[in-house]
There are 2 protein chains.
Amino acid sequence: MRLAELSTRSGVSTATIKYYLREGLLHPGRRITATQADYDEGHLRRLRLVRAMIQVGRIPVNSAREVLAALQDEELDRNRRLGTAVWALPHGPAPDESDPATDSARRTATELMDRLGWCYGGPSGETPTAPAYGMLVTAIAALARLGYPCATADLEPYARAMERIAATDLDLVERYGTPDEQVEAAVALTVLYEPVLLSLRRLAEAEESRRRFGGK
Amino acid sequence: MRLAELSTRSGVSTATIKYYLREGLLHPGRRITATQADYDEGHLRRLRLVRAMIQVGRIPVNSAREVLAALQDEELDRNRRLGTAVWALPHGPAPDESDPATDSARRTATELMDRLGWCYGGPSGETPTAPAYGMLVTAIAALARLGYPCATADLEPYARAMERIAATDLDLVERYGTPDEQVEAAVALTVLYEPVLLSLRRLAEAEESRRRFGGK
DNA sequence: CATGCTTGGGTAGTGTCACTATCCAAGCAT
DNA sequence: ATGCTTGGATAGTGACACTACCCAAGCATG
């Protein structure tokens, strides 16, 4: 398959594919002549994954490259590959340590983790705090600054719901046979179910609001 | 309070505050002299909301302006104000109608809504499909193109979880007294709980993965 | 009252990001 | 031989969220 065909089959312009090749999100094709290269189904699949991560999952190109690199790092076992990949996902601004609300938020988050019995360490297990943990602290601090309640008890129902979601996620992942497939599936499902969750939440809120405040 | 004090109290640079004033995210201060203006606690509060929406909630400046405009539109009742505000939140690319996966995704989404008994219309009730609905269709289609299962039955547990989350959200909102406060709270909680949910999900996935695949 | 610093408003510039347009030589097709 | 297509490289584009600079008006200080 040549570049033009890869483009039509994926719906991505040749210019953009060339950009992804330059950025290392896609392996170079097999060179046929000095001016032609051959791409296969693997390229097509990877290209679709890249597009979905960037456009639907809103992952920056640089992060996508890191995630993909982690996916195929032969040095690592399955767990670490997955952990490293999720580690590379964007996670917003770091907590603002100069703000006292951050300290308070960090205490709330730690208390929540304790109550749930969660570890929040990295893939290597040496408990460098996960990026998602910083993301949580930042969000709790922002809510606190605005005067919205965010005590451990307020967060617990959300955490419990996410516990069930995570179990469902991993059930889906375990449908896949090989570790390689599982790791890719885990990343794809983590990233692409995010918009699914957020949109379902907004729809559910609209529905609940309609039910509570009159159905007209 | 003058601009400089607003800046130190909020932690936002004067240049950025001036930018927000220009963009209409913040009302102009009360003019004292030709070169001085006075800002109050309301400005500080609004500024913190704007910052949180943009930095933590990752809302573009233009969308934030629309959301805030809807919040204080005196023409509308509470439900419509809220609906209009949530309507203005970013919702990713529209579904790609030229792709057959989109048709299939739309059928899946409709079936899901039916099974849950949800409406998916707008705040005005005339059922122009909600932006969140398009967001859902886009995500399902992307998953389908990658070969990941996304049948109605796969989505239902996620939707059920979000149903409970939405109920919790609205319980929090109902703590607030006046409709004005409730509308602001609803938007703030919708936007700022999104990173909370996503980070909790990633932490829960890490925890669940640790439990299933060995805790070392 | 002169001097110099600060203030708020306006304009123009910056860095990042995700592409996109253009150019070029090599090749294939007729 | 001629002209179109291909892949690679370089430079440019438009959106975005600021950010730096300039200016005239004010206040503060000796």
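Toward the positive end of the charge dipole of segment B:68-216, about the Cα centre and with charges on Cβ (Lys, Arg +1; Asp, Glu -1), which of B:ALA204, B:ALA166, B:LEU143 goes farthest?
B:ALA204
Taking the simple approach of a point 7 Å from Cα along Cα-to-Cβ for both A:CYS119 and B:THR178, what is their distance in nm?
With each label placed 7 Å out from Cα toward Cβ, I get 5.0 nm.
Between A:VAL61, A:ALA101, A:LEU44, whose Cα lies farthest towards the positive end of the dipole of segment A:1-121 when Lys and Arg beta carbons carry +1 and Asp and Glu beta carbons carry -1, centred on the Cα centre?
Value: A:LEU44.
Once you have the Kirkwood Rh of segment A:161-216 from its Cα pairs, apply Stokes-Einstein at 20 °C and 1.002 mPa s and quote D in µm²/s.
Translational D for this selection: 164 µm²/s.
Tell me, what is the FRET efficiency for B:ALA34 and B:GLN55 to the nearest 0.05, using R0 = 45 angstrom and their Cβ-Cβ distance as r?
0.85
Would you work out the charge dipole size for segment A:142-216 about its Cα centre, treating the Cβ of every Lys and Arg as +1 and the Cβ of every Asp and Glu as -1, and quote it to the nearest 20 debye?
Here segment A:142-216 has a charge dipole of around 720 debye.
Tell me the net charge near B:ALA101. Cut-off is 15 Å between Cβ atoms, B:ALA101 excluded, with +1 for each Lys or Arg and -1 for each Asp or Glu.
Within the 15 Å Cβ shell, the charges total +3.
Take segment A:72-193, drop everything but the C-alpha atoms, weight them equally and run the Debye formula without solvent; then report log10 I(q)/I(0) at 0.15, 0.18 Å⁻¹ to two decimals.
-0.78, -1.05
Taking the axis that carries chain A onto chain B, what is the nearest Cβ in chain A, and at how many Å, to the whole number?
Closest to the axis: A:ALA161, 2.
Report, for B:ALA153, each distance to the same residue's label point in the other copies, shortest first and in nm; define the point 7 Å along Cα→Cβ.
Those label-point separations list as 4.1 nm.
A:TYR39: net charge of surrounding residues, Cβ under 9 Å, Lys/Arg +1, Asp/Glu -1, itself excluded?
-2
How large is the dipole of the protein assembly as shown about the Cα centre if only Lys and Arg carry +1 and Asp and Glu carry -1, each at its Cβ, rounded to the nearest 20 debye?
With Lys and Arg at +1 and Asp and Glu at -1, about 680 debye.
Dipole size in debye (nearest 20) for segment A:76-216 around its Cα centre, Lys and Arg Cβ +1, Asp and Glu Cβ -1?
My answer is approximately 580 debye.
If each label sits 7 angstrom from Cα along the C-beta direction, how far apart, in nm, is A:ASN62 from its counterparts in the other copies?
2.4
When only alpha-carbon atoms count, how far does segment A:56-121 stretch along each of its three principal axes, as whole angstroms with the largest first?
41, 27, 22
Report, to two decimal places, the Cα Rg of the protein assembly as shown normalised by 2.2 N^0.38 Å (N = number of residues).
1.03
Along each principal axis of its Cα atoms, how long is chain A end to end? Whole angstroms, biggest number first, please.
Reported extents, whole Å, longest axis first: 64, 53, 38.
Between copies, how close do the B:ASP171 label points come, placed 7 Å along Cα→Cβ, listed in nm from shortest?
Spacings between copies for this position, smallest first, are 2.4 nm.
Quick note: the coordinates plus some simple rules give every number you see, no bench work behind them. Quick caveat: nothing in here was measured; it's all calculated off a predicted structure. Virtual Cβ from ideal backbone geometry, glycine too; neighbours counted across all protein chains shown.
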